[in-house]
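Take a look at the structure set out below.
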Amino acid sequence: MPGPFSTPGSTAVVTGGAGGIGRAIAGRLLADGAAHVVVADLDAGRAEAAAAELGDRATAEAFDVADERAVAEAAARIEAEVAPIDLWCSNAGVAAGAGLGDDRDWELSWRVHVMAHVYAARAVLPRMAARGGGHLMVTASAAGLLTNLDTAPYTVTKHGAVALAEWLSIRHAEEGIAVSCLCPQGVNTAMTAGDPEAASTRLGGAYLEPAEVADSVAAALRDGSFLILPHPEAAVFEQRRATDRDRWLAGMRRAWARLSAARS
């Protein structure tokens, strides 16, 4: 059965690694002794710049996490040219679609927030199982445990990411593979840079810095924890939701009314 992940000497891949939370996780893994970190991003230039900043134990890969063939080819290339992958941080994300959004918002959110994790699992878990172990980290969101009042495509697909991570954790434990799920609330990244004061993500309190999220990831890897909550209060909110869903929904309706009034 899987246990804590040992970062020293490991090889890790971080998707969405050129900035924000991904860039912070890549840096923290190297600081904790990873032998090599692959900074993976859709933008080749940004990936190469981030890897150069991180030093000679980091390299860049550019591919689309929503393209199964590209993910599989990248995983095979890394294993052949760098080292067997011990940790895959499936971290890329998008913010698409206000309100109910349109079909393109739903398709993009589904591909990046759910299918990208499926493709990562298909590409790396069989290899990890053959070696007797490994670790997959899925970046979801506190919206996947609760909700984001501003965007349905984001919220629903992040719920899907949490459910998939749970399924993978159950099904692959006997192969020595650990799965964890990162669920932060607001974080100061390019994705949230334009959030107004009345953004629903601010209901959870102050935004964290990416480095603080990376600290939580490092602690969870050491502890072997499944759920990674950089904002511990998210656990309390989730418990309230599960204990009395009608009361929780009523409270969220009141919160939405306040936000709507503040925006008018």
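Under unit Cβ charges (Lys, Arg +1; Asp, Glu -1), what dipole magnitude, rounded to 20 debye, does region 14-135 have relative to its Cα centre?
That gives region 14-135 a dipole magnitude of about 380 debye.
Between residue 256 and residue 72, what FRET efficiency comes out of the Förster formula 1/(1 + (r/R0)^6) with R0 = 41 Å and r the beta carbon distance, rounded to 0.05?
Efficiency for this residue pair is about 0.50.
Suppose a student asked you for the relative contact order of region 117-247, using Cα pairs under 8 Å spaced at least 6 residues apart; what percent would you report?
25
How many angstrom lie between the Cα centre of region 104-120 and the Cα centre of region 122-168?
Cα centroid of region 104-120 versus Cα centroid of region 122-168: 11 Å apart.
Suppose all protein chains stay in the model; what accessible area per residue would a 1.4 Å probe give for the chain, in Å²?
Using a 1.4 Å probe on heavy atoms only, each residue of the chain averages 45 Å².
Each residue of region 53-68 in order: what ³J(HN,Hα) in whole Hz does its phi give by Karplus 6.51 cos²θ - 1.76 cosθ + 1.60, θ = phi - 60°, with x for Gly and Pro?
5, 7, x, 6, 9, 10, 9, 10, 9, 10, 7, 8, 5, 8, 10, 4
Under 5 Å between amide hydrogens, which residues at least 5 positions from residue 58 or on another chain qualify, with H placed 1.01 Å from N in the peptide plane?
Placed amide hydrogens put 37 under 5 Å from residue 58.
Over the chain, with every protein chain in place, what whole percent of the accessible area is carbon and sulfur at 1.4 Å, could you tell me?
53
Take each of the peptides 156-167, 47-58, average the number of other beta-carbon atoms within 10 Å over its residues, and list them starting from the highest.
Descending mean neighbour count gives 156-167, 47-58.
Select from 150, 43, 103 the residue whose mean-square fluctuation is largest in a Gaussian network model of the chain (Cα-Cα springs shorter than 10 Å).
The residue with the greatest mean-square fluctuation here is 103.
Over the chain, what is the mean sequence separation of C-alpha contacts under 8 Å (at least six apart), divided by residue count, expressed as relative contact order in percent?
19
Does the chain come out rounded, prolate or oblate by the C-alpha gyration tensor, with a ≥ b ≥ c the root eigenvalues, rounded set by a/c under 1.5 and, if not, prolate when a/b is larger than b/c and oblate if not?
The shape class here is prolate.
Could you please put 88, 106, 256 in sequence from largest to smallest accessible area, using a 1.4 Å probe?
256, 106, 88
Distance between the C-alpha centers of region 1-43 and region 71-86? Whole Å please.
Their Cα centres are 14 Å away from one another.
Which of these, 72, 199, 80, has the largest mean-square fluctuation under a Gaussian network model of the chain (Cα springs below 10 Å)?
80
Any idea which of 184, 136, 115 is furthest toward the positive side of the dipole for the chain, if Lys and Arg beta-carbons carry +1 and Asp and Glu beta-carbons -1?
Checking the options against the dipole of the chain, the answer is 184.
Can you sort 82, 112 by 1.4 Å-probe accessible area, starting with the largest?
82, 112
Can you tell me which of 223-230, 138-145, 246-253 comes out highest on packing, and rank the rest after it, using the mean Cβ neighbours within 10 Å?
Most protected by this proxy first, the peptides run 138-145, 223-230, 246-253.
Given the rule -39500 (n - 2.57) for each run of at least 4 DSSP H residues, summed and divided by the residues of the chain, what is its mean residue ellipticity at 222 nm, to the nearest 500 deg cm²/dmol?
The helix-only estimate for the chain comes to -15500 deg cm²/dmol at 222 nm.
Extension gain residue 244-residue 129, at 0.36 nm per residue separation less the Cα-Cα distance, in nm?
So the chain would gain 37.4 nm between residue 244 and residue 129.
The values are calculated or read from the model by the stated rules, or taken from the named source; none is laboratory data. Owing to the predicted nature of the structure, the values given are computational and were not obtained by experimental measurement. Cβ: placed from backbone, ideal geometry, glycine included. Neighbour counts: every protein chain shown. Note: areas computed on protein heavy atoms with side chains; ligands, DNA, RNA excluded. Shrake-Rupley method; radii C 1.70, N 1.55, O 1.52, S 1.80 Å.
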